[in-house]
Amino acid sequence: MNISKTQRGRAAAAVSVAAVLALTATACGDDGARSGTEGSGKGDITFWDNNGGPRTAIWTEIIKDFEKKNPDIKVKYVPIPITDVQSKYDTAIAGGGLPDVGGVGTAYLANMVAQEALEPLNDRIKDSALKGRLVEGMVESVKDAGGRGDDMYTVPTSANNGAIWYRTDLFKAAGLDAPTTWADFYKAADRLTDSKKNKFGYTIRGGAGSIAQAMDAAYGQSGITEFWNGDTTTLNDPKNVAALEKYVALYKKATPAADLNNDFTKMVAQWDTGTIGMLSHNLGSYQDHLKALGKDKFAGIPNPIGDGGTRVQVSNPVDGLGLFRSSKNKTAAWKFIEFAASHASNSKWNESAGAIPANTEAAKDPWISETAPTELAAKALTDGSTKIVQLPYYLPDWNNISKADNEPEFQKLLLGKVTTKAFLDKIADELNKAQAEWKKIGNG
């Protein structure tokens, strides 16, 4: 989950310069980034949920608990779809209208810090009940992603992890082993497919969010454990090209044609209908599968092990809660963050999401050992069995390059309109340029 201290130092300088440029660009508007007050600690605050819809019910419950304990504070809850959250924040930063508190993931944290939208939280944490009660790995991740040395711009709330969800009943009926290796994965994808009966071995993510899944499949099979070789990305290494080529060949052969437009909600809903053998998604969809299939028809395990005997996966973003500089009631907003990240609330939220808690006390709660996918994921991340390829969340351009800018290119790849090498070369070129620019500013 971490990048080096040297990278963090460079990022601090790079993002500071970027912040000046960002503020200059928005000087004509009222972004509120340089205003805000502590306020009375009472009254109304606004909270933007960065995964509105799937997490609305649990946030509604936590807000109700908070307001019961703090009757002089009212929280206005605004659900923002995960696919829209970065653009919503960027629009509000440029034109005004930011919330007091918002869900902020490490994938787009650097961009928001660069625009001076978020309040540094080190001093508040030091003087709060959260001191010493946040998982250190997640703390380091949000520091790294923020890009300003040891400054923290979000309170981490959860970590996710990729998983292979598979239909245990279908595997048993077909005499298949669990897809713990890539060889088993491809064997199952082929064996469980009968397209004439609308049955498929796998569902692939072709729409929003497809790039991260594609990178995971490439590095997972190639066994490459570093994202950079010096200042050149390994993404388009021939081993990754060959691995991704094999993976995308599953499209329409062992997957539905409709996968071309799948974002995570469509992909999960499609798998939950019960006619598809496997799904690659994070722990967050556990409750959806449980409701749709029942606990005896599916299981979730960490990503497959490669031919070299090692599990390799790309890093997953850490989610958190940020306090916005423009807030007129930072005292009340901080009370809400502190409450949401406390033992009881953090445990409740992560149990609902099937994610790994950031609160150290919540991370020891019994429900984790009772939820096999979460327990296995937590173990895989801590027992040394998994090599993590650290994605460069610190690059201000990372989120654009790894999402909207190249998701249409992945669809072209699935349709055979571009080659796997051309696809990876394009992204690699953009990443190399972004890295060079980042270093140039950081060393200036």
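Given a Förster radius of 22 Å and the C-beta distance between THR180 and ALA242 as r, what FRET efficiency does 1/(1 + (r/R0)^6) yield to the nearest 0.05?
Between THR180 and ALA242 the formula returns 0.55.
For GLU61 and SER195 in the same chain, what is the full-extension length gain: residue separation times 0.36 nm, less their Cα-Cα distance, in nm?
Difference between extended and current length: 44.0 nm.
Between ALA258 and ASP90, what is the FRET efficiency for a Förster distance of 45 Å, r being their Cβ-Cβ separation, to the nearest 0.05?
The computed FRET efficiency comes out at 0.90.
Could you give the dipole magnitude of the chain about its Cα centre, charging the beta-carbon of Lys and Arg +1 and that of Asp and Glu -1, in debye to the nearest 20?
Roughly 560 debye, rounded to the nearest 20.
Work out, step by step, the length gained on full extension between THR83 and GLU136: first 0.36 nm times the residue separation, then minus their alpha carbon distance; give nm to one decimal.
Additional length available on full extension: 16.3 nm.
Taking amide hydrogens as modeled 1.01 Å from N in the peptide plane, which residues meet the under 5 Å criterion relative to VAL312, leaving out close sequence neighbours?
Hits under the 5 Å cutoff: GLY306, LYS387.
Roughly what % of DSSP beta bridges within the chain run antiparallel, to the nearest 5?
Just about 60 percent of them are antiparallel.
Taking the simple approach of a point 7 Å from Cα along Cα-to-Cβ for both LYS426 and SER369, what is their distance in nm?
Once both label points are built, they end up 5.0 nm from each other.
Just going by the charge dipole of the chain, with Lys and Arg at +1 and Asp and Glu at -1 on Cβ, which of SER195, PHE66, VAL104 is farthest out on the positive end?
Value computed over the given set: SER195.
Quick check on packing: order 41-53, 190-202 by the mean number of other C-beta atoms within 10 Å, highest mean leading.
The most tightly packed comes first, giving 41-53, 190-202.
Of the labelled options (i) 70, 45, 44; (ii) 64, 50, 36; (iii) 83, 51, 44, which one gives Cα extents along the principal axes in Å as computed for this structure?
Computed from the coordinates, Cα extents along the principal axes in Å corresponds to (ii).
Nearest 0.05, what FRET efficiency do THR232 and ALA292 give at R0 = 45 Å with Cβ-Cβ as r?
Rounded to the nearest 0.05, the efficiency is 0.55.
Within the chain, which DSSP H helices have Cα atoms that stretch 27 Å or more along the helix axis and a mean Kyte-Doolittle hydropathy of at least -1.0?
Helices meeting the span and hydropathy rule in the chain are 5-25, 420-442.
Take the solvent-accessible surface of the protein heavy atoms, probe 1.4 Å, and return the percent of it on the chain that carbon and sulfur atoms account for.
Carbon and sulfur: 52 percent of the exposed surface of the chain.
What distance in nm separates the simple spin-label points at ALA173 and ASP383, each placed 7 Å from Cα in the Cβ direction?
According to this spin-label approximation, the distance is 3.1 nm.
Counting only other residues whose beta carbon sits under 15 Å from that of LYS253, what net charge do I get with K and R as +1, D and E as -1?
Taking every other residue near LYS253 into account, the sum is +2.
Per residue, how much accessible area does the chain have with a 1.4 Å probe, in Å²?
Accessible area per residue: 41 Å².
What GluC sites (Glu not before Pro) in segment 312-361 are in a loop by DSSP, with at most 13 other Cβ atoms within 10 Å of the Cβ?
GLU361
Whole Å is fine, so just give me how far the alpha carbon centre of segment 292-343 lies from that of segment 241-265.
Cα centroid to Cα centroid, the span is 26 Å.
The values are calculated or read from the model by the stated rules, or taken from the named source; none is laboratory data. These figures come from a predicted structure and were not determined experimentally. Note that each Cβ is placed from the backbone with ideal geometry, even for glycine, and that neighbours are counted across all protein chains shown. SASA here: full protein model, heavy atoms, side chains in, ligands and nucleic acids out. Shrake-Rupley method; radii C 1.70, N 1.55, O 1.52, S 1.80 Å.
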